[in-house]
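Peer 1: A single structure is presented below for examination.
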């Protein structure tokens with residue numbers, strides 16, 4: 001059972017739809033008691049950093065998420081949900097949850113040249129190491145995912161599981177123990193998205 | 001090799017899929033849910049759904065949109081009848097990735113800014129529908145091409161970027177449904193002046209048109225209607241989408 005955190009920000013419907021399609025049971029909830037019982041958690045999110053962080057902090061969820069992740073429960077942040085797992089973002093002034101030693105910066109306009117911001121569209125993810133999450137069986141690799149973002153994560157190499165190039169290379173999957181942060185939208189990424197969510201659903205960190 | 005998005009645009013009229021020519025004469029194509037399912041199976045990069053009745057309606061047809069989204073494992077943008085933050089919130093909750101704003105961007109520009117602040121600019125797309133006025137000047141039109149706003153598309157595009165729009169769909173009404181190719185001049189004019197992605201729409205007939213819109217027009221993505229729903233000179237209804245191999249050979253490898 002995957003518990004999808006509902007804090008009023010994000011496309012929960014599409015994550016649940018995809019999990020349903022791949023036969024993974026899920027629960028969308030805002031109820032702290034249910035999150036306390038969660039075995040596997042997805043933190044979604046779209047939008048602006050401060051506005052999402054404010055909404056999350058209006059609930060009891062930050063401390064519960066901290067407790068669950070410390071207990072070793074697999075936790076996946078998607079898009080802005082991934083960025084919230086870091087210490088913070090140039091987009092806002094509020095601190096993030098800080099579960100991963102990372103922060104978020106705006107795309108470097110000089111380095112990307114004529115490319116546009118936000119990055120909107122499909123791009124490849126190059127894995128830096130292999131594990132359950134990166135197993136794409138006999139599918140053509142590198143896998144392609146859908147991105148829509150103006151800010152990206154930066155972290156120490158030891159936490160970087162996937163890199164993407166958009167003008168320059170930057171981390172798009174971070175992993176620290178049982179915590180995963182994915183910049184792209186697996187729930188919008190056809191068969192590659194289905195596979196990576198399937199992998200997350202059976203991942204034993 | 002650069003990947004650019006190739007986006008089918010589906011028009012809804014009374015919950016059914018239609019295709020217009022120069023924003024007129026809607027021709028019945030088929031069932032919207034089924035069409036979306038097919039594009040999903042073909043691995044489309046993204047789909048834009050526009051409800052062409054909705055501008056004179058108070059709100060989007062949420063029930064039907066919910067059904068569309070459940071067939072979609074790709075980004076889906078929706079436009080038509082979005083006037084309020086609450087309506088946008090409901091669309092995002094259903095699983096819509098981006099909202100497409102038309103006339104409201106003019107009547108209520110603060111909606112664009114509020115949406116960008118709340119949901120991020122990547123969630124806010126504005127469509128600029130362009131037609132020549134009687135002096136042959138390009139002007140932005142709203143209400144399905146009936147109302148001339150008097151706005152110069154380039155000036156308008158710059159304002160939209162400042163308001164917080166994350167992407168612009170630049171559509172030529174004169175070319176829509178004609179297969180005459182995109183209006184590359186206006187695409188170039190707008191894309192070179194603003195830093196946000198421009199999506200080309202109106203007139204595409206081949207992957208060569210895509211290439212022109214990107215290379216000459218500076219578009220970040222290409223969209224089309226007829227090309228993906230009709231086949232042959234008699235416009236037989238056939239839903240199609242280029243294969244990954246075709247896109248690589250005819251498009252990405254030339255960028």
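The values are calculated or read from the model by the stated rules, or taken from the named source; none is laboratory data. What you see is a predicted model, and the numbers here were worked out from it, not measured in a lab. Glycine also receives a Cβ, built like all others from the backbone with ideal geometry; neighbour counts cover every protein chain displayed.
Residue-by-condition table, conditions (1) away from every other protein chain (no Cβ under 12 Å); (2) part of a helix (DSSP H, G or I):
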site	(1), (2)
A:46	no, no
A:63	yes, yes
A:77	yes, no
A:81	yes, yes
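Peer 1: Going through segment B:5-28 one residue at a time, which ones are more than 16 Å from the chain's Cα centre (by Cα), in a strand (DSSP E or B) and over 17 Å from residue B:201 (Cβ atoms)?
Peer 2: B:16, B:25, B:27, B:28
Peer 1: Picking from B:50, B:36, which residue would you name as being within 28 Å of residue A:185 (Cα to Cα) and modelled with pLDDT under 95?
Peer 2: Selected residue: B:36, the only one of B:50, B:36 that is within 28 Å of residue A:185 (Cα to Cα) and modelled with pLDDT under 95.
Peer 1: Same structure again: Only one of these conditions is not met by residue A:33: (1) more than 14 Å from chain B (Cβ to nearest Cβ); (2) touching a residue at least 12 places away in the same chain (Cβ under 8 Å); (3) not in a loop (DSSP other than H, G, I, E, B). Which number is it?
Peer 2: Only one criterion is unmet by residue A:33, namely (2).
Peer 1: For residue A:112, which of the numbered conditions (1) buried (at least 22 other Cβ atoms within 10 Å of the Cβ); (2) within 13 Å of another protein chain (Cβ to nearest Cβ) fails to hold?
Peer 2: Of (1) buried (at least 22 other Cβ atoms within 10 Å of the Cβ); (2) within 13 Å of another protein chain (Cβ to nearest Cβ), only one is false for residue A:112: (1).
Peer 1: Take segment A:76-95 and flag every residue that is under 15 Å from residue A:171 (Cβ atoms) and surrounded by fewer than 24 Cβ atoms within 10 Å (Cβ to Cβ).
Peer 2: A:87
Peer 1: Among the listed residues A:43, A:12, which satisfies the condition of being touching a helix residue (DSSP H, G or I) at 6+ places or on another chain (Cβ under 7 Å), surrounded by 14 or more Cβ atoms within 10 Å (Cβ to Cβ) and modelled with pLDDT of 95 or more?
Peer 2: A:43
Peer 1: Another one. Just one of B:101, B:173 is under 24 Å from residue A:116 (Cβ atoms) and modelled with pLDDT of 95 or more; which is it?
Peer 2: Being under 24 Å from residue A:116 (Cβ atoms) and modelled with pLDDT of 95 or more holds for just one of B:101, B:173, which is B:101.
Peer 1: For a quick check of your reading: which strands (runs of 3 or more DSSP E) sit entirely within segment A:120-203 and have at least 1 residues that are at negative phi, within 12 Å of chain B (Cβ to nearest Cβ) and in contact with a helix residue (DSSP H, G or I) (Cβ under 6 Å, 6 or more places away or on another chain)?
Peer 2: Filter on segment A:120-203 gives A:144-149.
Peer 1: Can I ask one more? Taking the condition under 29 Å from residue B:37 (Cβ atoms) and modelled with pLDDT of 95 or more, does residue A:199 pass?
Peer 2: In short, yes.
Peer 1: Looking at segment B:165-199 only, could you name the residues that are within 14 Å of another protein chain (Cβ to nearest Cβ), surrounded by 17 or more Cβ atoms within 10 Å (Cβ to Cβ) and part of a loop (DSSP other than H, G, I, E, B)?
Peer 2: If the condition is that a residue be within 14 Å of another protein chain (Cβ to nearest Cβ), surrounded by 17 or more Cβ atoms within 10 Å (Cβ to Cβ) and part of a loop (DSSP other than H, G, I, E, B), then B:165, B:166, B:194, B:196, B:197 are the ones that fit.
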